[in-house]
Amino acid sequence: MTRALALIDGEHYPSTVRDALAELQYEFVGAYMAGGTEKLRGDADYGVPLYDDLEAALRELEPELVLDLSDEPVLGPATRFRIASRVLAAGVPYAGADFRLEPPELEPFPLPSLAVYATGKRVGKTAVSAHLARLLARDRDVVAVAMGRGGPGTPEVAESPPGLEELLALSREGRHAASDYLEIAAVAGVVTIGCRRCGGGLAGAVATSNISAGAGLALQRRPDFVVFDGSGAAIPPVETGKRVLVTSTFDPPELVTGYLNAYRILLADLVVVTMANASTPHEALAEAIQQVKPEVQVIAVGFRPRPLAPIAGKRVAYFTTAAPSAHERLAGDLAEHGAELVYVSGNLADRPSLQRELEAVDADVYLTEIKAAGIDVVAEAGAKRGVEIVLAANDLVSVPGQPELEPALLALADSAAVEPVGT
């Protein structure tokens with residue numbers, strides 16, 4: 001019989017709860033009082049040890065399940081998701097009258113490693129993974145393993161940075177030539193293993209993936225360090241030594257910390273808030289994140305585009321997924337490379353709009369991020385029209401008043417090497 005911790009409240013009469021504990025087919029080893037006093041008269045007896053500290057109950061009783069027998073008004077939806085996140089972070093399933101949430105299964109991995117995952121898509125997660133891999137590769141043999149919704153059906157190894165012709169060839173084979181692993185390989189210059197996944201659960205689990213086989217390929221190479229790159233809000237299903245969560249300063253705090261994003265925060269050893277600058281509300285977001293996990297360090301960074309080939313003296317059209325509010329700044333950043341910016345498009349993830357724009361754009365160079373339709377639409381259009389194609393990276397830059405990110409990443413990597421998860 002499953003050992004269970006009951007989550008109860010004072011809005012139910014104690015006798016009702018006692019009878020439920022006797023009726024339900026679990027071995028109840030204790031109860032956690034979530035709140036509420038309306039139906040309580042003095043010290044109620046529930047027939048099991050009663051706790052007012054959830055983490056203490058989980059630690060001391062080691063239940064196999066937390067069964068939620070509470071309800072409104074003590075636990076509304078937001079509070080219930082927050083409690084569910086705390087339970088899942090302890091590695092325990094959380095169930096109620098009509099639901100069951102399981103912590104994602106993580107496969108053991110014996111090498112020093114770090115996972116980068118996100119609260120959602122388009123927050124710059126892959127740029128953070130590439131930055132981390134490139135940083136560590138200064139004095140380590142690094143392999144990156146990336147999973148994506150358009151990744152290869154059988155894990156593939158990018159031994160060297162892919163060039164434009166190689167990416168175009170993949171696209172012409174019907175492949176996703178801007179998959180995250182190709183972006184990391186091109187930008188970071190490290191060996192990168194491409195994997196795929198399908199589906200993403202509330203807590204970041206995947207429905208299917210070949211990441212296990214990809215991790216096996218990484219293990220065969222015996223590198224000094226492995227960086228695992230997540231996909232969207234899905235977490236790499238690998239038990240890495242440390243974890244970095246990525247979110248955006250433009251996402252509202254109630255989203256970043258709500259639902260089971262609180263679980264993602266609780267798993268993290270470091271949170272990186274991207275797309276920040278001196279005027280963005282990143283400090284308020286950091287405060288909200290630290291209300292979920294007070295001890296986690298939160299560092300805000302900005303992005304700056306970096307052409308992977310010279311563009312000085314040329315008329316350039318830049319294709320990105322960045323929001324229109326960032327286009328003027330991006331044009332200014334690229335002007336520092338000596339180019340004349342004639343057009344900035346934020347429609348890289350909108351193929352119909354992108355194709356319409358390309359019909360009217362007049363430029364010497366198409367500068368494109370390696371994502372979304374960057375290869376199969378922008379690069380193909382350039383190849384047909386004889387327009388030079390240059391690939392672009394997104395470099396991480398410091399934000400005034402924020403700690404430097406690189407020392408934090410290096411410290412985390414060093415601790416991942418000596419303090420694997422579960423020890």
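Considering only the range 188-218, state which residues are closer than 29 Å to residue 265 by Cβ, among the hydrophobic types (A, V, I, L, M, F, W, C) and open to solvent by 20 Å² or more (accessible area, probe 1.4 Å). Spell out how you get there, then give the answer.
First pass over the range 188-218, keeping only residues closer than 29 Å to residue 265 by Cβ: 188, 190, 192-212, 214-215, 218.
Narrowing the set further to residues that are among the hydrophobic types (A, V, I, L, M, F, W, C) leaves 188, 190, 193, 195, 198, 202-203, 205-207, 211, 215, 218.
The answer is 198, 202, 205, 206, 207.
Which number in (1) open to solvent by 40 Å² or more (accessible area, probe 1.4 Å); (2) without any contact (Cβ under 8 Å) to a residue 40 or more places away in the chain; (3) within 22 Å of the chain's Cα centre (by Cα) marks the one condition that residue 175 misses?
It fails just one condition, (3).
Considering only strands (runs of 3 or more DSSP E) fully contained in the range 259-366, which possess at least 2 residues that are out of contact with any Cys (no Cβ under 9 Å at 6 or more places or on another chain) and surrounded by fewer than 21 Cβ atoms within 10 Å (Cβ to Cβ)? Working first, answer last.
Details: elements: 270-274, 297-307, 315-319, 340-345.
Output list reads 297-307, 340-345.
What are the residue pairs meeting all of these: first residue in the range 190-216, first residue touching a residue at least 60 places away in the same chain (Cβ under 8 Å), second residue open to solvent by less than 30 Å² (accessible area, probe 1.4 Å) and aromatic (Phe, Trp, Tyr), Cβ atoms under 8 Å, and 6 or more apart or on different chains?
Close Cβ pairs satisfying both conditions: 203/263; 204/117; 204/263; 211/228; 215/109; 215/228.
Looking only at strands (runs of 3 or more DSSP E) that lie completely in the range 86-190, which have at least 3 residues being over 30 Å from residue 8 (Cα atoms) and in contact with a Phe, Trp or Tyr (Cβ under 6 Å, 6 or more places away or on another chain)? Please lay out each step first, then the result.
On the way: elements: 94-96, 99-101, 113-118, 142-148, 156-158.
Strands (runs of 3 or more DSSP E) meeting the threshold: 142-148.
Could you look through the range 367-384, keep only residues that are at pLDDT 95 or above and open to solvent by 20 Å² or more (accessible area, probe 1.4 Å), and pick out the one that is farthest from the chain's Cα centre (by Cα)?
Across the range 367-384, the extreme among qualifying residues is 384.
If we keep just the residues of the range 86-102 that are closer than 15 Å to residue 24 by Cα and not acidic (Asp, Glu), which is surrounded by the fewest Cβ atoms within 10 Å (Cβ to Cβ)?
Start the filter on the range 86-102 by keeping residues that are closer than 15 Å to residue 24 by Cα, which leaves 95-98.
After this cut, where a residue has to be not acidic (Asp, Glu) as well, the list is 95-97.
Working: 95: 19, 96: 17, 97: 8.
The extreme case among them is 97.
Looking only at the range 200-232, which residues are in a strand (DSSP E or B) and out of contact with any Lys or Arg (no Cβ under 8 Å at 6 or more places or on another chain)?
226, 227, 228
The values are calculated or read from the model by the stated rules, or taken from the named source; none is laboratory data. The model shown is predicted, which means the values in this text are computed figures rather than measured ones. Glycine gets a Cβ as well: all are built from the backbone with ideal geometry, and neighbour counts include every protein chain shown. We work out accessible area using only protein heavy atoms, side chains counted, and drop any ligands, DNA or RNA first. Shrake-Rupley method; radii C 1.70, N 1.55, O 1.52, S 1.80 Å.
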